[in-house]
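The values are calculated or read from the model by the stated rules, or taken from the named source; none is laboratory data. On a predicted model such as this, the values are computed, not experimentally measured, just so you know. Reconstructed Cβ throughout: ideal geometry from the backbone, glycine too, with neighbour counts over all protein chains shown.
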Amino acid sequence: MGKRVRELMLSLEDYAVVGEEATMLDALRELQASQERLPPDRQPHRAILVRNRKGEVVGKIHHFAFLRALIPERKAMGATSIMDRAGVEDDLRDSSMQMLDLLTGDLVDLCEMARNVAVRDVYTAATVSIDEGATLFEAISRFLRYQTLSLLVTRGATTVGILRLSDLFDELARQIMTGECENERD
């Protein structure tokens, strides 16, 4: 029988996990601490898991969520009448102004503000999971179906870890290079 997801996953104890009430600074500190605990043969973490008050994993802070923490919400613009007359839609105007803020803003100020952004305001809901007993073939199918970089690993209704695409890749590359490909469909 081939390897199972439980053999490649990282347990929640080995991963960066924070509560919804944490700040981005708290999350980044937890990420750094979890990187230091990571075995040397594992890829670095690329996300931070988020727990709700009940202790359930509900989301992830990934690269795009991190960038959302850097860009403050744009306040209502004062003089929009010129853009309105030109037929510029609200969403185009807002995205243009956000880009302008980013390009003309002081990155130091953005970083300072991001320190205090609440994780609950920027995380992405984590909805895709796989059972710890699933085969690697099933994991490949799930990654392809959902085009994600990680899957929550469950035991029943409880999240027990995370399977990262990078870890699956490393294992499959090892099997291909050594000729030790296993029958993963069993």
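Things worth noting here:
- Residue identified as modelled with pLDDT under 85 and within 28 Å of residue 149 (Cα to Cα) among 61, 82, 71, 48: 71
- Flag if residue 25 is under 21 Å from residue 68 (Cβ atoms), within 17 Å of the chain's Cα centre (by Cα) and hydrophobic (A, V, I, L, M, F, W, C): yes
- Residue match in the range 2-12 (condition: part of a strand (DSSP E or B), surrounded by fewer than 16 Cβ atoms within 10 Å (Cβ to Cβ) and either over 13 Å from the mean Cα position of the chain (by Cα) or free of Cβ contacts under 8 Å to residues at least 24 places away in the same chain (or both)): yes
- Residue 47 vs. criteria crowded, with 19+ Cβ neighbours inside 10 Å and out of contact with any Gly (no Cβ under 6 Å at 6 or more places or on another chain): yes
- Among the residues making up the range 40-76, those that are in contact (Cβ under 8 Å) with a residue 12 or more places away in the chain and farther than 16 Å from residue 152 by Cβ are 42, 43, 53, 63, 64, 66, 68, 69, 70, 71, 72, 74.
- Members of the range 125-143 found to be over 14 Å from residue 164 (Cα atoms) and under 18 Å from the mean Cα position of the chain (by Cα), listed by number: 125, 127
- Single residue of the range 28-56 satisfying the filter (outside any loop (DSSP other than H, G, I, E, B) and basic (Lys, Arg)) that is farthest from the chain's Cα centre (by Cα): 37
- Number of positions in the range 123-134 that are touching a strand residue (DSSP E or B) at 6+ places or on another chain (Cβ under 7 Å), among the β-branched types (Val, Ile, Thr) and in a loop (DSSP other than H, G, I, E, B): 1
- Number of the exception - residue 37 against (1) loosely packed, with under 14 Cβ neighbours inside 10 Å; (2) in contact (Cβ under 8 Å) with a residue 40 or more places away in the chain; (3) of a type in the set (Lys, Arg): (2)
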